[in-house]
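The values are calculated or read from the model by the stated rules, or taken from the named source; none is laboratory data. On a predicted model such as this, the values are computed, not experimentally measured, just so you know. Here the Cβ positions follow ideal geometry from the backbone for every residue, glycine too, while neighbour counts run over all protein chains shown.
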Amino acid sequence: MLEAIDALKSNDIAVLLDVVVNHKMGADEKEPVRVQRVNEQDRTQIDDEVIECEAWTRYTFPARAGQYSQFIWDYKCFSGVDHIENPDEDGIFKIVNDYTAKAGTIRLMMRWVTSII
């Protein structure tokens, strides 16, 4: 990838990087989670209210039967969802847990990405 970026730059072509980190769809199961609503226009604004709900965040890969990995993805692996149930609502929701990425980690990653492009 770095060679491709260098080749583009040497030909006066600007490089943009669009990265989705930790994104999954089509979970196998839903599980109880606690979330907070996030302002869709300004994602730095997070509502103080914590909502008890269910979200499709559990990936068990039953067809694989553990062939490649015994790891089960669950809500602790994600920082947010765009749909919750009980109550049923679409939007942007920050998952409340001890594993949610800290802003400093994201800033550090963005600094690295910026340095390579």
For region 19-43, the count of residues that are under 22 Å from Arg58 (Cβ atoms) and either in contact with a Ser or Thr (Cβ under 9 Å, 6 or more places away or on another chain) or among the aliphatic types (A, V, I, L, M) (or both) equals 13
Go through (1) under 17 Å from Asn97 (Cβ atoms); (2) of a type in the set (Lys, Arg); (3) over 15 Å from the mean Cα position of the chain (by Cα); (4) at pLDDT below 95 and name the single condition Lys30 misses. (4)
Could you list, in sequence order, all residues of region 36-74 that are surrounded by 13 or more Cβ atoms within 10 Å (Cβ to Cβ) and either under 17 Å from His23 (Cβ atoms) or in contact with a helix residue (DSSP H, G or I) (Cβ under 6 Å, 6 or more places away or on another chain) (or both)? Val38, Ala55, Trp56, Thr57, Arg58, Tyr59, Phe61, Trp73, Asp74
Quick count over region 1-27, residues being more than 17 Å from the chain's Cα centre (by Cα) and either surrounded by 14 or more Cβ atoms within 10 Å (Cβ to Cβ) or of a type in the set (S, T, N, Q) (or both), is 3
